[in-house]
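**Q** Pasting a structure below so you can have a look.
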Amino acid sequence: MTDNKRHFENPDVSHAGPHHKSEEHFREQHLMLDPLPRGQMNEMVMDSMHTTSWKFWVVFVTLSAIVAWGLFYSWGKMILEGLGIAGVNRPSYWGIFLVNTVFWIGISHAGTFISAILRVFKAEFRRPFTRAAELMTTFGLVQAGFSIFMHMGRVWLAYWLMPYPNERQLWPNFHSPLSWDLLAITTYLLSSTMYLFLPLIPDLAMARDKSTGWRKTLYKILALGFRGTEGEWTHLRNAMNIFAFAIIPVMFSVHTIVSWDFAAATRPGWSSTIFGPYFVVGALHSGMGAVIMVLAVVRGTMKNMKYFIRPEHFEAIGKLMLIISMTWAYFFFNDYMVQWYGGDKWTKQLLHYHEAGPLGWMWFAMLVVNVAIPWAVLWNKKWRSTPWIVFIVGLLINVGMWFERYIIIPISLSINRMPFTWRLYQPGIEIPLGIGTLAFFILLYMAASRLIPLIPVWEVQEGQMAHSLKKFGRETVVTVSELE
Amino acid sequence: MTVEKSLLAVFADLDPAADAIEHLRTMGVHDDCMNVISGVPVTEAMLGRPNQRTNVPRLALGGAILGFFAGAFLAFVSPSMYEIQVGSQAFVAGPPSVVVLFELTMLGMLLSTFLGVFLDSYFPSYRPMKYVTEVSDGKIAILVECPHADEKKLTEALKKLGAESVQPTEAQHL
């Protein structure tokens with residue numbers, strides 16, 4: 001096990017013909033076929049956590065300053081002066097706060113998609129980056145929560161949403177879409193945090209065994225006394241299987257319910273039966289774009305990560321992004337087509353406003369970066385395997401998906417059935433607050449990357465144990481054994 | 001009264017560990033007196049060990065049922081605590097109730113699954129335990145509880161079967 005070497009059924013693969021791929025080629029291409037001793041992988045991961053350059057601290061301090069200004073100072077100012085200093089006003093009572101809420105919930109979908117759906121389907125390429133994606137889910141939901149609290153204005157009354165009666169025994173109305181939001185987002189936040197923690201326990205135990213000082217104390221507490229006994233693994237495996245299946249419908253429900261905040265209203269542009277799946281696909285679109293950005297940054301900036309995160313992973317995620325982009329385009333057109341064909345006067349007015357209004361450039365930019373660019377780039381295997389290229393595509397998709405939410409929320413609210421109220425939304429303090437949440441997300445991620453193992457080493461080793469090469473005639477192929 | 005002794009044998013690979021377990025069994029060591037500690041999940045089938053019992057799925061089901069009833073309370077009972085009848089609208093609407101029932105059922109199930117791991121594994125546990133840190137580096141350890149008189153015999157047998165080290169072990173802080 002320490003050696004962790006693969007047993008190739010035919011080690012003589014290099015003599016198999018001109019088109020034959022050598023064992024070395026497979027090792028370079030696939031992490032699962034390039035095993036290192038477990039102790040060495042542990043050291044690499046621990047080393048990546050302990051190594052921080054001056055650049056890391058410069059970015060960290062800068063982001064901390066942005067968070068202090070954007071999140072805490074600006075929010076404090078809004079609490080003191082009231083929601084009036086935000087740009088939300090008649091008829092656009094929902095502005096960037098809710099754009100950001102939907103955006104961050106969308107980002108949070110990637111972790112579950114990668115960790116749960118790919119686990120259920122036993123997609124082996126997921127192994128080294130499940131945790132990196134799961135962290136995005138938890139930290140993204142934290143930002144979504146902040147954005148909702150900002151939107152509330154009187155945030156100190158947030159507890160009114162909690163399911164308990166007031167003095168007159170009047171309970172919150174759980175038949176209202178906004179109460180569903182509370183239930184769905186709380187369920188998703190708790191579930192995804194638990195799902196992040198469970199597979200982390202063995203790696204925390206590894207970190208405990210490899211650390212000294214305050215880190216050892218921290219990991220000792222967090223590892224909960226895990227040793228890796230048969231019983232502990234059995235309980236953990238069972239729980240992870242239950243989570244992998246059960247969290248998928250929870251993930252779908254969250255963004256569907258968010259979409260119902262809009263679709264349940266009889267407004268032009270919002271009243272759509274397709275909003276549920278359209279929002280879910282949009283969430284996956286931005287989430288996958290964010291995952292690939294995070295992986296490119298982690299690979300490029302953290303020590304030893306080039307061993308764990310390889311072009312094969314960008315290639316696989318790139319394919320998923322391409323499929324999701326196509327699906328998003330399908331849903332977008334479906335939603336557009338039915339509304340356009342319906343011929344409702346106000347809806348047609350709104351669609352025209354999207355394309356030819358003062359922010360029409362945003363509508364066209366959304367289509368270019370969400371559809372045209374991913375399709376033009378991601379079809380090419382070489383391009384989608386190149387980290388900096390997919391980083392740019394992921395960044396553009398996220399900009400495009402933020403535009404999409406901006407078009408759906410404040411821009412669509414500008415046009416309604418009462419033309420005398422029409423007014424274009426002008427954001428105010430929402431901008432520093434939005435920047436604050438973005439900076440806080442990155443800051444949390446940077447801190448986490450130095451405190452918890454970003455690579456699930458035991459999952460990587462398990463995958464490497466299951467992979468081998470097998471010869472069919474003159475062709476050598478990768479095979480995977482089912483170890484569970 | 002026999003004095004019990006604990007031996008911790010460390011193996012570099014899976015196959016000798018599985019062979020050792022089989023051999024220990026032929027030497028009269030019962031499965032209940034052995035435990036395998038590893039850094040990756042090694043299934044019972046790989047080691048030829050009896051299936052481990054887990055209550056996690058049962059607890060998950062129990063949590064789902066509790067969650068369902070909590071959802072039913074919020075959806076059906078809480079509105080009747082202070083009745084507000086709205087003309088032409090159902091007092092308790094069906095489709096929105098499904099949302100509440102679904103979310104709380106799933107929350108109950110996932111919370112109890114998580115707690116199930118804690119209960120079944122006795123987490124958190126910061127008491128001294130029998131353990132070797134080499135397990136983190138990929139080694140497989142077999143923890144054998146045996147009568148004091150058998151210690152020497154078992155140590156020799158485990159070494160012959162490929163154990164890198166076999167040592168009497170005491171519980172220690174991790």
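**Q** If you put +1 on each Lys and Arg Cβ and -1 on each Asp and Glu Cβ, how big is the dipole of region A:222-312 around its Cα centre, in Debye rounded to 20?
**A** The dipole magnitude comes to about 360 debye.
**Q** Can you compute the equivalent ellipsoid semi-axes for the protein assembly as shown, i.e. the square root of 5 times each eigenvalue of the Cα gyration tensor, sorted largest first and rounded to whole Å?
**A** 49, 30, 23
**Q** May I ask you to list the aspartates and glutamates whose Cα is less than 14 Å away from that of B:LYS153, ignoring any residue fewer than eight positions away on the same chain?
**A** List returned: B:GLU145.
**Q** Across peptide A:218-226, what mean number of C-beta atoms from other chains lies inside 10 Å of a residue's C-beta?
**A** That average works out to 4.
**Q** So what is the 222 nm mean residue ellipticity for the protein assembly as shown from helices alone, if each DSSP H run of at least 4 adds -39500 (n - 2.57) and you divide by all residues, rounding to the nearest 500 deg cm²/dmol?
**A** Helix contribution divided over all residues of the protein assembly as shown: -18500 deg cm²/dmol.
**Q** Something else now. How large is the charge dipole for region B:6-124, taken about the Cα centre, if only the Cβ atoms of Lys, Arg (+1) and Asp, Glu (-1) carry charge, to the nearest 20 debye?
**A** It works out to roughly 360 debye.
**Q** Out of the trypsin sites (Lys or Arg not before Pro) in region A:40-143, which ones are loop residues according to DSSP with at most 13 other C-beta atoms within 10 Å?
**A** Here the trypsin sites (Lys or Arg not before Pro) that fit, given the DSSP loop and packing criteria, are A:LYS122.
**Q** Follow-up. Considering the dipole of chain A built from charges on the beta carbon (Lys and Arg +1, Asp and Glu -1) around the Cα centre, which of A:ILE392, A:MET150, A:ILE431 is farthest to its positive end?
**A** A:ILE431
**Q** When you count, for each residue, the other Cβ atoms within 10 Å and take the mean per peptide, how do B:150-159, A:284-293 rank with the highest first?
**A** Averaged packing, sorted descending, gives the order A:284-293, B:150-159.
**Q** Sticking with this structure for a sec: Test of the criteria: in region A:288-378, which chymotrypsin sites (Phe, Trp or Tyr not before Pro) are in a DSSP loop and have at most 14 other Cβ atoms within 10 angstrom of their Cβ?
**A** Here no chymotrypsin sites (Phe, Trp or Tyr not before Pro) fit, given the DSSP loop and packing criteria.
**Q** OK, next. Straight-line reach only, C-alpha to C-alpha below 25 angstrom: list the lysines that A:LYS470 could link to, leaving out same-chain residues fewer than 8 apart.
**A** Filter leaves A:LYS5, A:LYS21, A:LYS122, A:LYS381.
**Q** In peptide B:104-116, what is the residue-averaged number of other protein chain Cβ atoms found within 10 Å of each Cβ?
**A** 6
**Q** What is the mean number of Cβ atoms from other protein chains located within 10 Å of the Cβ atom of each residue in peptide B:128-140, rounded to a whole number?
**A** 6
**Q** With a cut-off of at most 16 other beta carbons within 10 Å, and DSSP calling the residue loop, which trypsin sites (Lys or Arg not before Pro) in region A:422-484 qualify? Please list them.
**A** Counting only loop positions with at most 16 other Cβ atoms within 10 Å, the trypsin sites (Lys or Arg not before Pro) in region A:422-484 are A:ARG423, A:ARG474.
**Q** What is the Cα coordinate range of region B:56-121 on the first, second and third principal axes, sorted by size from largest, in whole angstrom?
**A** Largest to smallest, the principal-axis extents are 54, 20, 12 Å.
**Q** Tell me which of A:PHE440, A:SER179, A:LEU222 sits at the most positive position along the dipole axis of chain A, charges placed on C-beta atoms (Lys, Arg +1; Asp, Glu -1).
**A** Of the options given, the answer is A:PHE440.
**Q** Here's something else I'd like to know. If you put +1 on each Lys and Arg Cβ and -1 on each Asp and Glu Cβ, how big is the dipole of the protein assembly as shown around its Cα centre, in Debye rounded to 20?
**A** With only Lys, Arg, Asp and Glu charged at Cβ, the dipole is about 1420 debye.
**Q** Also, I was wondering about something else. When A:MET41, A:MET418, A:MET366 are ordered from fewest to most other Cβ atoms inside 10 Å of their Cβ, what list results?
**A** By the 10 Å Cβ count, ascending, the order reads A:MET418, A:MET366, A:MET41.
**Q** What is the fewest-to-most order of B:CYS33, B:CYS146 by other Cβ atoms lying within 10 Å of their Cβ?
**A** B:CYS33, B:CYS146
**Q** May I pose another question? Just want the ordering: B:PHE123, A:PHE139, A:PHE472, A:PHE245, from fewest to most Cβ atoms lying within 10 Å of their own Cβ.
**A** Final ranking by Cβ density, sparse to dense: A:PHE472, A:PHE245, B:PHE123, A:PHE139.
**Q** Would you please state which residues of region A:272-311 a label at A:TYR341 would reach in this model, taking the label point 7 Å out along Cα→Cβ and a backbone N cut-off of under 19 Å?
**A** Within reach of a label on A:TYR341, which here means backbone N under 19 Å from a point 7 Å along Cα→Cβ, region A:272-311 contributes A:272-278.
FYI, it's all coordinate maths here, none of it is from the lab. Remember, it's a predicted structure, so these values are computed and weren't measured experimentally. Cβ sites come from the backbone with ideal geometry, for glycine too, and all protein chains shown count toward neighbours.
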